[in-house]
Amino acid sequence: EIHRVLKKDGKCWLYLYGGKNSFFWDVVDFCRKILSDVPQHYTQMVMNVLGYPPGRIFHRSDFFYVPLNNRYFESEIVMMLDETGFNDFKRLKRGTEYDWDEIIFKNPDIEHYIYGEGEMRFWLTK
């Protein structure tokens, strides 16, 4: 869809989680199952009472309650971009100090299973 709506030479920043086979996303998937019958506002209220900051409540609520939670390997994204016909794309390998890509970069011995393939940012050109 991105390829279809972009003009020729149009640019796009694509952000996806590389979370297959990772501990973090296994926990998120488990929470999604146990919270499936719990209203979102109730979960947010409990997190507020527990002292979670508003940004963390929003972030976790998104993980737990978003209708679709598809995650990919980098190789799958590259294949989709190739097949769709993007002329040029590249993965941006570094991020802000608190995101997974930066944690992985600064801690090369960290278990890959914890964060999966990080936060995948691609710069696309049609």
Is there a residue in region 79-91 that is assigned to a loop (DSSP other than H, G, I, E, B), touching a strand residue (DSSP E or B) at 6+ places or on another chain (Cβ under 9 Å), surrounded by 11 or more Cβ atoms within 10 Å (Cβ to Cβ) and in contact (Cβ under 8 Å) with a residue 40 or more places away in the chain? yes
In region 44-68, the residues that are assigned to a loop (DSSP other than H, G, I, E, B) and either under 30 Å from residue 8 (Cα atoms) or over 15 Å from the mean Cα position of the chain (by Cα) (or both): 50, 51, 52, 53, 68
Pick from region 6-25 the residues that are at pLDDT 90 or above and closer than 18 Å to residue 119 by Cβ: which of them is most open to solvent (accessible area, probe 1.4 Å)? 13
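So that you can scan it fast, the table gives a plain yes or no per residue for (1) surrounded by 11 or more Cβ atoms within 10 Å (Cβ to Cβ); (2) at negative phi; (3) small (Gly, Ala, Ser); (4) in contact (Cβ under 8 Å) with a residue 12 or more places away in the chain:
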{"residue": "39", "(1), (2), (3), (4)": "no, yes, no, no"}
{"residue": "45", "(1), (2), (3), (4)": "yes, yes, no, no"}
{"residue": "48", "(1), (2), (3), (4)": "yes, yes, no, no"}
{"residue": "93", "(1), (2), (3), (4)": "yes, yes, no, yes"}
{"residue": "103", "(1), (2), (3), (4)": "yes, yes, no, yes"}
{"residue": "106", "(1), (2), (3), (4)": "no, yes, no, no"}
{"residue": "126", "(1), (2), (3), (4)": "yes, yes, no, yes"}
Of the numbered conditions (1) modelled with pLDDT under 90; (2) touching a Lys or Arg at 6+ places or on another chain (Cβ under 7 Å); (3) in a helix (DSSP H, G or I), residue 3 fails exactly one; give the number of that condition. (1)
Quick check: anything in region 53-61 surrounded by 15 or more Cβ atoms within 10 Å (Cβ to Cβ) and basic (Lys, Arg)? yes
What number of residues within region 108-124 satisfy the criterion of being open to solvent by 30 Å² or more (accessible area, probe 1.4 Å) and either without any contact (Cβ under 8 Å) to a residue 60 or more places away in the chain or out of contact with any Gly (no Cβ under 9 Å at 6 or more places or on another chain) (or both)? 8
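The values are calculated or read from the model by the stated rules, or taken from the named source; none is laboratory data. Everything quoted here is computed from the prediction, not taken from an experiment. Note: ideal-geometry Cβ built from the backbone for every residue, glycine included; neighbour counts use all protein chains shown. For accessibility, only protein heavy atoms count, side chains too; no ligands or nucleic acids. Shrake-Rupley method; radii C 1.70, N 1.55, O 1.52, S 1.80 Å.
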